[in-house]
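The values are calculated or read from the model by the stated rules, or taken from the named source; none is laboratory data. These numbers come from a predicted model, not from an experiment. So basically every Cβ, Gly included, is an ideal-geometry build from the backbone, and we count neighbours across all protein chains shown. Quick note on the areas: whole protein, heavy atoms, side chains included, nothing else; ligands and nucleic acids left out. Shrake-Rupley method; radii C 1.70, N 1.55, O 1.52, S 1.80 Å.
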Amino acid sequence: MSDTKSAAQSHQFQAEVAELLHMMVHSVYSERDIFLRELISNASDACDKLRYEAIAKPDLLGDDPDLKIRIRGDKAAGTLTITDNGIGMDLQELVDNLGTIARSGTKAFVKRLAEAKEGTGLIGQFGVGFYSAFMVADRIEVTSRKAGTAEASTWVSSSGAGFEVGPASEDDAGRVPRGAQIVLHLKEDAKTYADAFEIERLVRTYSDHILFPIMLAEEKGELRQINAASAIWQRSKSELKSEDYSQAYRTIAGAFDEPAMTLHYRAEGRQSYAVLLFAPTTRPFDLFDPGRKGRVKLYVRRVFIGDDTELLPPYLRFIRGVIDSEDLPLNISREMLQNNAQVAQIRKAVTGRVVSELEALASKEPDKFATVWEAFGGVIKEGIYEDHERRNQLLGLARFRTTKDASKDGALRSLKDYIADMRPGQNAIYYLTGDNLDRVKSSPKLEAARARGVEVLLLTDHVDAFWTSAPHTFEDKPLRSLSQGDVDFGDVARLDDKKDDGENPTAVDDAVITAAVKAVLGDKVANVRSSQRLTDSAACLVAEGRGPDRELERLLAMQERGTGTKPILEINTRHALVKAISAAKLGGREADVADLAELLFDQACILDGEVPEDPAAFAARLNRLVVRGLGS
Ligand SMILES: Nc1ncnc2c1ncn2[C@@H]1O[C@H](COP(=O)(O)OP(=O)(O)OP(=O)(O)O)[C@@H](O)[C@H]1O
Ligand SMILES: [Mg+2]
């Protein structure tokens, strides 16, 4: 058998890892503490995995069935060693798991760090798994033997410069216990982490709620347990303080913020289970991943089964925490979970509780709820079209920026608030969708509503274009788009006494102008008509009453799934530009009619945030008209 040296293979880190390690080296002093939490969390995950596998294959536990984590600091050597007797890794897994970043959230995080060039300061807020150990160590050695195998392997890296893997040396091979041992050679300025008091402090602060015992090796070598190692969700609410919950949230969710909402209860009856769920205050980086995976952990009688078990619907995927069932069979496979009737029942009941807890938060602590909504409203709204049963509840929860206070951090309004402030004669809830607040709030489509003091919801989340595509009512008031179909404010009076209609201000009939414009634009538009929604602007584009709204059509077209529906051009027959068309028509200046009509269309596109189809032609036309105007 060859020795370690000759069999060792050198590997480069994946580019993202190299980048991450570079940031580790420059991390802020105060962020470093989190490395221990990350390593303990990995050790705990490894114990969870083994315990789960051992349900089907009890032999995996061998003669070492008590899963635990050991920590030993050696001040003289300047090392800190974290050992677990969990699932372990074979050589290939060492290469794959400790050389690349698999989690898309972490990838997105690294990308953002690199773009922002403000890496330091953020690491501590998010954690970056195993690699955070390079904040405190300049050399890391991992020795591991995978459960059920005989060979042990090693992984060694001296910061940044790639890593080496190989079989553990002949001497060690037979003696390496199952699991993983991680030896950190502490940096000169990080030697305090070898100190037992310091280790105990960190464990109590960050890892008290880890389910497995964490044993600290004391000076004479004896082991002492330093964490509570209890399933906090099994304890009664009255024993627990809010700090306990915060810490449990961080341990369970691997998060660094405070929970904005905590839901802890025990269900008894047809099924019994304990629930401890949290709503975070900040968004994870993978919130909008197409997978829309939740991360609630399922335990069965304290044994971790999985965190990919879809215990909540995708629109609640931001909720973190644990559901621990007393009744499910322990040997349930993750695949079986998907069609298990008991699981379906739990899902339904817990979903109901989470939604009503959000409602309670909204009424009792509106500011806290606003934080949750700012971070996750864009996801919760998916439920409006996915969860028919709770549609009304979710519409009630929804908060909106509106024309009442359209600033970026303006007050959020509920539909109840909206209805309470409706104008006399108003009988619908009006909204406008778009991709950014500034553009939506300056859209000409708001003009007629503004003239009447009618509030308009400004919808700028991606998901808004989708949920609004089905007809909705809230408290018997229909929701109506201002960029779709006809708008009719009915009996709502204008705030000033101006009349909208009055005598026809143009020299020729509206019908003649709209026909002339339509003749110029041809197929670009479905129709041209005079507008009820404009008071000041010359023109805008709207969608037909049926089919996708403007914003939805735009999003679908971006994914090449557009329906090809053409917009309707609405023109304001009182506007000077439109009057100019009428004058040109009367004077037989057909070239001017054409230029002006195209200009109307192009500016309506621009107001929707689009580039005119032919920007060069747009510029040429504009120049022609301006020069002619100045020359006359
Ligand atoms: N002590 C260990 N025993 C077995 N496998 C481990 C151990 N430590 C790390 N690993 C493996 O290395 C991988 C990478 O760990 P890392 O902490 O970087 O990411 P993660 O734990 O998957 O995600 P995160 O820490 O971001 O939640 C783990 O997914 C696991 O497969
Ligand atoms: Mg980890």
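Confirm whether Glu374 is within 17 Å of the chain's Cα centre (by Cα), open to solvent by 50 Å² or more (accessible area, probe 1.4 Å) and farther than 30 Å from Lys57 by Cβ.
Values: within 17 Å of the chain's Cα centre (by Cα): yes; open to solvent by 50 Å² or more (accessible area, probe 1.4 Å): yes; farther than 30 Å from Lys57 by Cβ: yes.
It is true that Glu374 is within 17 Å of the chain's Cα centre (by Cα), open to solvent by 50 Å² or more (accessible area, probe 1.4 Å) and farther than 30 Å from Lys57 by Cβ.
Could you tell me which residue of the range 232-243 is least open to solvent (accessible area, probe 1.4 Å), considering only residues that are over 21 Å from Ala360 (Cβ atoms) and under 28 Å from the mean Cα position of the chain (by Cα)?
Per the stated criteria, the residue is Ile232.
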Practice problem: Select from the range 356-413 the residues that are closer than 18 Å to Leu312 by Cα, acidic (Asp, Glu) and part of a loop (DSSP other than H, G, I, E, B) and list them in ascending order. | Solution: Asp387
Practice problem: Determine whether the range 578-596 contains at least one residue that is modelled with pLDDT of 90 or more, within 32 Å of the chain's Cα centre (by Cα) and either open to solvent by less than 60 Å² (accessible area, probe 1.4 Å) or more than 24 Å from Asp438 (Cα to Cα) (or both). | Solution: no
Quiz item: Looking at the range 250-258, is at least one residue within 16 Å of ligand 1 (Cβ to nearest atom), touching a strand residue (DSSP E or B) at 6+ places or on another chain (Cβ under 7 Å) and of a type in the set (Gly, Ala, Ser)?
Solution: yes
Quiz item: Of all residues in the range 253-280, how many are in a strand (DSSP E or B) and either in contact (Cβ under 8 Å) with a residue 24 or more places away in the chain or under 26 Å from Ile40 (Cβ atoms) (or both)?
Solution: 16
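Residues that are closer than 22 Å to Asn527 by Cβ and aliphatic (A, V, I, L, M): find the helices (runs of 4 or more DSSP H) completely inside the range 571-632 holding 2 or more of those.
576-586, 590-607
One line per residue, one yes/no per condition, for (1) away from ligand 2 (no atom under 16 Å from the Cβ); (2) out of contact with any helix residue (DSSP H, G or I) (no Cβ under 8 Å at 6 or more places or on another chain); (3) farther than 18 Å from Lys187 by Cα; (4) among the polar types (S, T, N, Q):
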residue: Ala15; (1), (2), (3), (4): yes, yes, yes, no
residue: Leu21; (1), (2), (3), (4): no, no, no, no
residue: Val25; (1), (2), (3), (4): yes, no, no, no
residue: Val28; (1), (2), (3), (4): yes, no, no, no
residue: Glu53; (1), (2), (3), (4): yes, no, yes, no
residue: Gly62; (1), (2), (3), (4): yes, yes, yes, no
Quiz item: For Arg37, are the conditions met, namely being surrounded by 14 or more Cβ atoms within 10 Å (Cβ to Cβ), more than 15 Å from ligand 1 (Cβ to nearest atom) and in contact (Cβ under 8 Å) with a residue 60 or more places away in the chain?
Solution: no
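Conditions tested, residue by residue: (1) small (Gly, Ala, Ser); (2) open to solvent by 40 Å² or more (accessible area, probe 1.4 Å); (3) free of Cβ contacts under 8 Å to residues at least 24 places away in the same chain; (4) in a loop (DSSP other than H, G, I, E, B).
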residue: Lys445; (1), (2), (3), (4): no, no, no, no
residue: Ala449; (1), (2), (3), (4): yes, no, no, no
residue: Leu457; (1), (2), (3), (4): no, no, no, no
residue: Asp461; (1), (2), (3), (4): no, yes, no, yes
residue: Phe466; (1), (2), (3), (4): no, yes, no, no
residue: Arg480; (1), (2), (3), (4): no, yes, no, no
residue: Asp488; (1), (2), (3), (4): no, yes, no, yes
Quiz prompt | Verdict on Ile332 being modelled with pLDDT under 90 and outside any loop (DSSP other than H, G, I, E, B) | solution = no
